[in-house]
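To keep things clear, I will list the structure first and then write my remarks on it.
Rule-based calculations on the coordinates, nothing more; no lab input. Fair warning: this is a prediction, and the values are worked out from it, not measured in the lab. Using ideal geometry, Cβ is built from the backbone for each residue, glycine included, and neighbour counts are taken over all protein chains shown.
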Amino acid sequence: MSTSESDILIVRQVRAGDARAWRQLIERFEGRLLAFVDSRLRDRAASEDVVQETFIGFLTSLPHYDEKRDMEAYLFSIAAHKLTDHLRKQGRRPIDQFGSDDHGRPLDEVPGGGRAASSIARSGERRKAEERLLSESMGQLVREWLARGDYGRIRCMELLVVKGWANKDVARHLGLTEQAVASYKFQTIARLKEMARRAGLSLEDLGGA
Amino acid sequence: MTRDDAPQPRGPAAIDDALLQDYLVDQLPPEDLARVEKALRDSAELRERLEDVRNNRDDFQLHSLGAIWHRSRLTCPTRQQLGSYLLDALDPELAEYFQFHLDVVECPFCQANLADLEAQAQASTAAQASKSRQHRILRSSQHLLGDEAKEH
């Protein structure tokens with residue numbers, strides 16, 4: 001998903017202090033954010049508060065917002081973070097299910113020094129470069145699969161990678177042989193590694209191919 | 001058997017790296033989940049250890065890949081496509097894939113978008129309540145607009 005012209009325009013207007021643009025932005029995204037938060041909290045009043053906090057968080061982090069970033073994804077990530085905070089305050093288990101190493105928290109909202117020193121030591125520039133590469137390469141592969149309507153492969157890889165299912169569970173669910181699942185995985189990893197090699201990086205930790 | 005002879009209930013297992021790994025992949029029973037959560041809230045040292053476990057997992061890159069896929073929303077339909085999905089106006093193969101993405105992958109963002117679109121389709125009555133919520137958000141946030149405007 002990419003940022004649309006209208007998203008960029010509305011953000012610029014909000015940055016300039018345009019109250020009408022801010023109202024439009026709220027009208028556009030409030031419903032989906034409320035549905036997202038309420039599906040987890042099942043408490044309408046609390047959900048409305050979390051959404052309100054989300055919009056405030058958006059304005060607060062706006063000076064650091066990258067216009068190239070998809071606005072809806074950005075708002076969802078703030079909402080996930082606010083939701084986690086809300087659950088923590090209630091002593092409930094926060095959610096680590098949004099596929100984010102930062103618990104859905106937009107990096108702009110992470111206070112300085114928020115990450116453990118040991119993590120920083122291991123990660124650093126190499127990890128950032130790996131992540132960037134993975135993002136670009138995986139995006140390219142998915143676009144190729146979508147363009148040729150290869151939904152079987154997409155389903156298989158989405159269950160393996162996003163849901164973290166084991167090969168045998170994916171095979172059972174999709175009516176494939178385990179060998180076919182392993183083959184999709186092998187081919188994908190091989191292509192990602194090849195893309196990494198061309199970029200002068202290594203993705204050996206991906207295993208597989 | 002006297003009271004003293006009765007087997008003593010064993011205390012909860014220590015929170016080791018294996019337990020933290022299970023915690024990261026959501027495979028702990030509820031009582032252990034609550035215990036680990038509480039310990040994490042109380043101990044900076046344990047939070048640091050969790051971060052180490054997270055970063056040193058063998059499948060770190062595969063986990064990252066899943067996170068990236070999810071975060072970049074590589075296979076999420078656009079809002080417009082979801083609208084067409086609701087109206088049953090999509091190519092059947094694509095519609096079938098979106099159904100999989102919504103029901104099996106359980107993408108929370110797309111589920112939220114779909115729920116919102118469904119609500120919009122039904123709800124002229126809810127419009128007023130929504131306006132009032134939006135008004136409340138506006139009132140509570142509008143003062144921040146000035147700060148941003150000053151910076152540009």
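Miscellaneous remarks
- Ranked A:THR84, A:THR60, criterion: other C-beta atoms within 10 Å, fewest first: A:THR60, A:THR84
- Set of lysines with alpha-carbon distance to B:LYS131 below 27 Å, sequence-local pairs under 8 removed: A:LYS82
- Each of A:GLU130, B:GLU37 has some number of other Cβ atoms within 10 Å of its Cβ, and from fewest to most they run B:GLU37, A:GLU130.
- Scanning residues 5 or more positions from A:SER4 or on other chains, those with amide H under 5 Å from its amide H are A:MET71, with H placed 1.01 Å from N in the peptide plane.
- Residues B:SER141, B:SER64, A:SER39 in ascending order of nearby Cβ atoms (within 10 Å, fewest first): A:SER39, B:SER141, B:SER64.
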